[in-house]
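For reference, the structure discussed in these notes is given below.
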Amino acid sequence: MLCLGVETSCDESALALVHDGELAVELVRSQADAHALFGGVVPELASREHYRAMGPLYDALLRAAEGKGLRLGENCRIDCIAAARGPGLLGSLLVGVSFAKALALALGVPVLGVNHLHAHLLASGLEHQPPFLAAGPDHGPALGLLASGGHTHLYRINGPDDFILMGRSIDDAAGEAFDKFGKAMGFDYPAGQRIDVLAGRGRVDRKMFPCPYLENDNLDFSFSGLKTAAVSYLAAHGDLLGGCVKEISSLPAGELAGLPMGEAELRLADVCASFNFAVARTLKVKSGRALERCRADGAPAKALVLAGGVAANSAVRTAMRELADEWNLPFMAPSFQLCTDNAAMIAYSGWLLHRKGLRHGLDFSVIPRGRNVPRDYTVG
Ligand code: KG4
Ligand code: ZN
């Protein structure tokens with residue numbers, strides 16, 4: 001069965017084809033350059049860019065599929081179309097969902113709306129079998145941590161359409177804290193990767209920043225205090241932002257690893273390493289408490305899943321892998337290209353949901369940021 005996935009929740013226009021649970025082709029067109037000028041995503045601009053991208057991207061996808069021997073309408077056909085329906089930027093979602101609905105009508109195939117947050121966590125299923133899809137004694141829930149630019153959510157995942165929210169960010173999400181801290185250093189949006197590469201040149205000072213919001217017994221996160229502490233640290237150490245910071249902020253993040261650095265730049269790298277540490281440790285501690293909660297509830301997690309853009313962070317990945325090892329659980333984090341927004345995760349989620357017999361009518365709605373995505377499938 002072949003599922004087309006459409007992703008336009010934020011500033012990535014993406015299409016992908018998943019064939020019998022395997023990724024066949026995917027294309028992503030990032031708008032990051034258009035938004036970098038403004039220091040963050042501009043919703044109106046995002047919708048227009050998606051609108052411009054969608055048609056040519058679909059043509060390019062068909063050509064790429066042909067290159068892999070899939071000639072749509074000749075030796076194969078699309079069986080269902082899945083579109084990210086939210087949470088996200090309303091105008092952007094409308095472009096992708098309208099495209100998906102129109103194409104579904106034209107091809108005479110069903111269309112499904114996919115929860116973008118759940119799709120991030122399901123994506124690792126393209127690379128490893130998650131326990132909630134396993135049969136027999138291996139079957140069971142997974143604990144999922146989604147850490148992205150807009151969300152820091154902890155879920156117990158019982159199945160592709162059965163996610164129980166255990167904790168969430170009450171203010172800034174982890175990625176947002178990275179981006180705002182980066183902005184204070186003059187880094188373009190999104191700043192997470194640049195901070196992470198710089199952190200690789202620095203040493204961690206565990207006392208530099210607090211690990212926020214751990215003195216409580218809930219599973220929620222709050223990163224706004226950490227962001228303020230980091231921005232205040234920069235303000236109090238003005239000398240850190242001299243030197244070659246301009247060069248650091250303009251070089252592609254990947255090239256920073258080899259940049260010659262003076263004393264001030266290396267101290268800035270220490271600040272980034274310490275920030276990375278505080279975020280990673282906080283995520284690890286709360287995820288550990290969530291694993292304890294699952295066990296106490298009689299539904300112990302059988303795997304630890306990490307997803308979202310911040311899952312690309314080296315300290316976060318290491319900390320979460322350590323946690324999985326401490327609990328003797330498989331650690332499932334998607335490869336880097338599946339961590340950030342993509343359509344492979346949407347096509348794969350659509351394939352899983354369609355296989356379960358879940359359906360949407362053409363009237364399903366899009367869901368803006370901050371609102372819950374309803375579980376309003378029908379079984380067909
Ligand atoms: O999941 P995502 O691509 O988009 C959504 O927010 O849905 O996540 C983007 C976020 C941005 O805040 C970006 O700065 C962060 O992920 N990010 C990172 C890294 N790579 C991307 N944060 C820390 N370290 C990284 N290596
Ligand atoms: Zn996302």
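The values are calculated or read from the model by the stated rules, or taken from the named source; none is laboratory data. What you see is a predicted model, and the numbers here were worked out from it, not measured in a lab. FYI the Cβ positions are ideal-geometry reconstructions off the backbone, even for glycines, and counts take in every protein chain you see. The accessibility values were calculated without ligands, DNA or RNA, using every heavy atom of the protein model including side chains. Shrake-Rupley method; radii C 1.70, N 1.55, O 1.52, S 1.80 Å.
The mean sequence separation of alpha-carbon pairs under 8 Å and at least six residues apart, normalised by the residue count of the chain, gives a relative contact order of 24 percent. How high is the relative contact order of segment 237-365, given as a whole-number percent (alpha carbon pairs under 8 Å, six or more residues apart)? Reported as a whole number, the value is 19 percent.
What full-extension length gain, to one decimal in nm, is calculated for residue 363 and residue 184 as 0.36 nm per residue of separation minus the Cα-Cα distance?
60.1 nm
For the chain, the average shadow cast by the Cα convex hull is 19.0 nm², which is a quarter of the hull's surface. Karplus-derived 3J(HN,Hα) values for segment 146-154, using 6.51 cos²θ - 1.76 cosθ + 1.60 with θ = phi - 60°, are 9, 10, 10, x, x, 9, 10, 10, 10 Hz; glycine and proline are entered as x. Farthest toward the positive end of the dipole of the chain, out of 76, 50, 261, is the Cα of 76, where the dipole comes from beta carbon charges about the Cα centre. For an R0 of 41 angstrom, estimate the FRET efficiency from the Cβ-Cβ distance between residue 59 and residue 246 and round to the nearest 0.05. The value I calculate is 0.55.
With both partners inside the chain, how many of the DSSP beta bridges are antiparallel, as a percent to the nearest 5? Bridges in the chain are about 60 percent antiparallel. 3J(HN,Hα) along segment 322-338, derived from phi through the Karplus expression 6.51 cos²θ - 1.76 cosθ + 1.60 where θ = phi - 60°, amounts to 4, 4, 4, 4, 4, 9, 6, 10, x, 9, 10, 10, x, 4, 4, 5, 8 Hz, with x in place of Gly and Pro.
With R₀ set to 41 Å, the beta-carbon distance separating residue 239 from residue 215 gives a calculated FRET efficiency near 0.80. Largest accessible area first, the residues 170, 367 order themselves as 170, 367 under a 1.4 Å probe with ligands, DNA and RNA left out. Translational diffusion coefficient of segment 21-140 (Stokes-Einstein, Kirkwood radius from Cα pairs, 25 °C, 0.890 mPa s): 148 µm²/s. Using a probe radius of 1.4 angstrom, the carbon and sulfur fraction of the accessible surface of the chain is 51%.
One compactness figure for segment 271-347 is 1.17, namely its Cα radius of gyration divided by 2.2 N^0.38 Å.
Report D for segment 130-185 in µm² per second (integer): Stokes-Einstein, Kirkwood Rh on Cα pairs, 25 °C, 0.890 mPa s.
Roughly 192 µm²/s, to the nearest whole number.
Applied to segment 53-66, the Karplus parametrisation 6.51 cos²θ - 1.76 cosθ + 1.60 on θ = phi - 60° returns per-residue 3J(HN,Hα) values of 7, 4, x, x, 5, 5, 4, 5, 5, 4, 5, 5, 5, 4 Hz, with x for Gly and Pro.
Placing a label point 7 Å from the Cα of residue 71 along the Cα-to-Cβ direction, the residues of segment 17-44 whose backbone N falls under 19 Å from that point are 25. Take the Cα of residue 266, step 7 Å toward its Cβ, do the same at residue 297, and the gap between the two points is 4.8 nm. Our summary gives segment 31-145 a relative contact order of 21 percent, counting only alpha carbon pairs under 8 angstrom and 6 or more residues apart. Rg and Dmax over the alpha-carbon atoms of segment 192-279 stand at 13.9, 45 Å. When its C-alpha radius of gyration is set against 2.2 N^0.38 Å (N residues), segment 115-255 gives a value of 1.28.
Taking 126, 107, 89 in turn, the Gaussian network model of the chain (Cα-Cα springs below 10 Å) assigns the largest fluctuation to 107.
Determine the per residue accessible area of the chain with all protein chains present and a 1.4 angstrom probe, expressed in square angstrom. Intermediate values should be presented prior to the final figure.
Working: 15860 Å² over 380 residues.
Value returned for the chain: 42 Å² of accessible area per residue.
Computing FRET efficiency as 1/(1 + (r/R0)^6) for residue 162 and residue 335, where r is the C-beta to C-beta distance and R0 is 25 Å, gives about 0.50. Taking label positions 7 Å along the Cα-Cβ direction at both residue 33 and residue 52, the computed distance is 1.0 nm, reported to one decimal.
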